[in-house]
Amino acid sequence: MRETGLNRRRFLAVGAATAVVAFDPLGIGWLTEADASPNGIPVPRLDGELVTDDAALAEAAEDYGQIVHERPRAVLRPGSVKDIAKIITFAAAHDITVAMRGQGHAVHGQAQAGAGVVIDSRTMARVHSVAADRAVVDAGVTWSDLIKRTLASGLTPPVATDYIGLSVGGTLSVGGIGGASSHHGMLVDNVIALEVVTGTGDVMACSKTKNRKLFDAVLGGLGQYAVIVRATVRLIPAPSTARVYNLTYDDLPSLLTAQRTAVADGRFSYLEGQVVPVEGGWDYLLEGVAYFTAPNSPDDTAMLAGLPAPKSTEIAELPYFDWLDRITALVDQLRPLKFPNPWINLFLPDAATDAYVADLVSRLNPADVGGPILLYPVPRGRLTTPMVALPDSPTVFLFAMLRVVAPPNDDTVRRLLADNRAAYDAAVAAGGKQYPVSAIPVRPGDWRAHYGDRYSVALRAKARFDPHGVLTPGQHVFP
Ligand SMILES: Cc1cc2nc3c(=O)[nH]c(=O)nc-3n(C[C@H](O)[C@H](O)[C@H](O)COP(=O)(O)OP(=O)(O)OC[C@H]3O[C@@H](n4cnc5c(N)ncnc54)[C@H](O)[C@@H]3O)c2cc1C
């Protein structure tokens, strides 16, 4: 949405009935025109709207995980960056928590703010410019919309998450990993500059050469220091086609050998893998993709040379965008069903991966997962963003159990959350880290251990950029 008078006009015309006009620090909280109170402190004038209607609050108390439901007291639909700055300044002054919400695909309440304010970034979703090597976008833009725009100019972001309906701001606050990360790192490793609003309500630009400490804190910073309002992201020439190689193995060692061989020589543009339940056991799938621009198609024999012989090989070809968009229809179908998704995402050090995964899978009941189990390597050297905590290992493996509880059952969710906790503890004992897009019950000391040496840097950044501690409470990073 453009930051013009249009939003203000819309707010005055449509928002007046339900829009918040004041905050009552002693009484019932946010006040609309209908709730006259002598205690009301006027809310700053906004280009967008601050609302308290049931539908808006209920939506902000939900996410893809369907496990945590913290109801905010108000939702801001910003009409401008100034709106975000005004509301964060106001919140900091009155000790009200604030979280930015993108597409709400967190799985454990990370974008929620119980009794606080949720900022819905979907009203800030403009692609400002696309140049030969970069695009400037609002935080509420989805990668899908950005990629459609950049492909029109023959360009693409170097990496995409498996599902591209996520917001730029939501993914840059966590990391953003995908099959091309083995070449290009995470989404956060491909950011040139940011515009953010800190926890003190200051609008600031930052990059590697300007306000570096802020830039380093915010990328992968779980919304703790500032909210992202705009990003300048790197673009590269887009391929036309994805040639997909699915190699199925009977056993984990063969998959890991094949993945290690492929990641070492970088033969695939995209490298992922899965542990797949089958009758009587598990299959192990390598998913390699060669991106190319027709007619320069890859040589299949060369692509598969030197890998352990799989029990089956499937080769398919898709237009590049269709490949990136491959799971959108499935996610769009699943989301309205509101099944709980107690996901766990871990990074394992290379040396611990074989034993950790073999042990966990040997005890795993496929019914306790229900969704894909991802397993793939990324060279540690490609992952350069300081706030993304990773194992100390030249290669790290992403291991993710994307659990779905269908039909919903509270006891099963509780049991799987406890299982996630145990799997997390075992991973940490083996030198692993969580990728914090998970549903893992938090314990005191977890984040200190997660960040290790960088915890003191995180504490200093919190004290400097969000001294009132109002931002993004659903991550539970700071007590
Ligand atoms: C179906 C599905 C597939 C996924 N696939 C991948 C994948 O392949 N790779 C991967 O890395 N991840 C993946 N994820 C995880 C996903 O990247 C994160 O959950 C991401 O945070 C979701 O983005 P969102 O826009 O929905 O954010 P939300 O759920 O709205 O927010 C997530 C967190 O980011 C914060 N946040 C949101 N916007 C901003 C902002 N503008 N500034 C600061 N903080 C902000 C929120 O407060 C919250 O803490 C997947 C998730 C789902 C549900």
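Normalised by the number of residues in the stretch 5-123, what is the relative contact order in percent for Cα pairs under 8 Å and 6+ residues apart? If you can, show how the numbers build up before the last one.
Values: 244 pairs, mean separation 28.7, N = 119.
Once normalised by length, the contact order is 24 percent.
From a point 7 Å beyond the Cα of residue 58 in the direction of its Cβ, which residues of the stretch 327-360 have a backbone N at a distance under 16 Å?
336-339
Given +1 on the Cβ of Lys and Arg, -1 on the Cβ of Asp and Glu, and no further charges, what dipole in debye does the stretch 271-352 carry about its Cα centre, rounded to the nearest 20? Mind dumping the intermediate values first?
Details: 4 positive and 12 negative charges, 72 e Å.
The calculated dipole for the stretch 271-352 is roughly 340 debye.
Ranked from highest to lowest mean number of other Cβ atoms within 10 Å per residue, what is the order of the peptides 453-465, 218-230, 237-249?
Numbers: 453-465: 15.5, 218-230: 25.8, 237-249: 19.6.
The peptides rank, most packed first, as 218-230, 237-249, 453-465.
Return the calculated 222 nm mean residue ellipticity for the chain, to the nearest 500 deg cm²/dmol, obtained by summing -39500 (n - 2.57) across DSSP H runs with n ≥ 4 and dividing by the residue count. Write out the running numbers ahead of the final one.
Numbers: 15 runs with 137 residues, N = 479.
Counting only the DSSP helices, I get -8000 deg cm²/dmol.
May I ask which residue of 367, 318, 291 lies farthest towards the positive end of the charge dipole of the stretch 283-408, with charges of +1 (Lys, Arg) and -1 (Asp, Glu) on Cβ and the Cα centre as origin?
Highest projection toward the positive end goes to 367.
Restricting the calculation to Cα positions, tell me the Rg (one decimal) and the Dmax (whole number) of the stretch 5-123 in Å.
Computed over the Cα atoms of the stretch 5-123, radius of gyration and Dmax are 13.6, 40 Å.
How far, in degrees from 0 to 90, does helix 81-94 lean away from the longest principal axis of the Cα atoms of the chain, to the nearest 10?
Tilt relative to the chain: about 70 degrees.
Putting +1 on Lys and Arg Cβ atoms and -1 on Asp and Glu Cβ atoms, find which of 458, 198, 276 reaches farthest to the positive end of the dipole of the chain.
In the chain, that residue is 198.
Amide H neighbours of residue 317 under 5 Å, counting only residues 5+ apart in sequence or on other chains, H built in-plane at 1.01 Å?
244
Give, rounded to the nearest 20 debye, the magnitude of the charge dipole that the chain has about its Cα centre when Lys and Arg contribute +1 at Cβ and Asp and Glu contribute -1 at Cβ. All intermediate terms of the calculation are to be shown ahead of the outcome.
Values: 43 positive and 49 negative charges, 320 e Å.
It works out to roughly 1540 debye.
Which FRET efficiency value, to the nearest 0.05, is calculated for residue 202 and residue 363 with the Förster distance at 56 angstrom and r the Cβ-Cβ distance?
Working: r = 50 Å, r/R0 = 0.89.
Approximately 0.65, to the nearest 0.05.
Normalised by the empirical 2.2 N^0.38 Å for globular proteins, what value does the Cα Rg of the chain take?
On the way: Rg = 22.7 Å, N = 479, 2.2 N^0.38 = 23.0 Å.
My calculation over the Cα atoms of the chain gives 0.99.
For the Cα atoms of the chain, what angle does the longest principal axis make with the long axis of helix 350-362, in degrees from 0 to 90, nearest 10?
90
Could you pull out the pairs from 82/148; 82/433; 82/210; 82/338; 338/462; 86/213 whose alpha carbons sit more than 32 Å apart here?
On the way: 82/148 28 Å; 82/433 37 Å; 82/210 21 Å; 82/338 34 Å; 338/462 34 Å; 86/213 23 Å.
Flagged as over cut-off: 82/433; 82/338; 338/462.
So what is the relative contact order of the chain, in percent, for Cα pairs below 8 Å that sit 6 or more residues apart?
On the way: 1092 pairs, mean separation 75.2, N = 479.
That works out to 16 percent.
How many angstrom lie between the C-alpha centres of the stretch 282-312 and the stretch 380-457?
30
Cα centroids of the stretch 202-226 and the stretch 145-168: how far apart, whole angstrom?
So the separation of the two Cα centres works out to 23 Å.
Over the Cα atoms of the stretch 241-434, how large are the radius of gyration and the largest Cα-Cα distance (Dmax), in Å?
Calculated on Cα positions, Rg and Dmax stand at 17.4, 54 Å.
What order, most packed first, do the peptides 376-385, 411-420, 468-477, 117-126 have when packing is the mean number of other Cβ atoms within 10 Å of each residue?
On the way: 376-385: 18.7, 411-420: 17.0, 468-477: 22.1, 117-126: 23.8.
Result, highest mean Cβ count within 10 Å first: 117-126, 468-477, 376-385, 411-420.
Read the figures in this text as sums done on the coordinates, not as results from a lab. Please read all numbers here as calculations on a predicted model, not as lab measurements. Methodologically, a virtual Cβ is constructed for each residue, glycine included, from the backbone with ideal geometry; neighbour enumeration extends over all protein chains shown.
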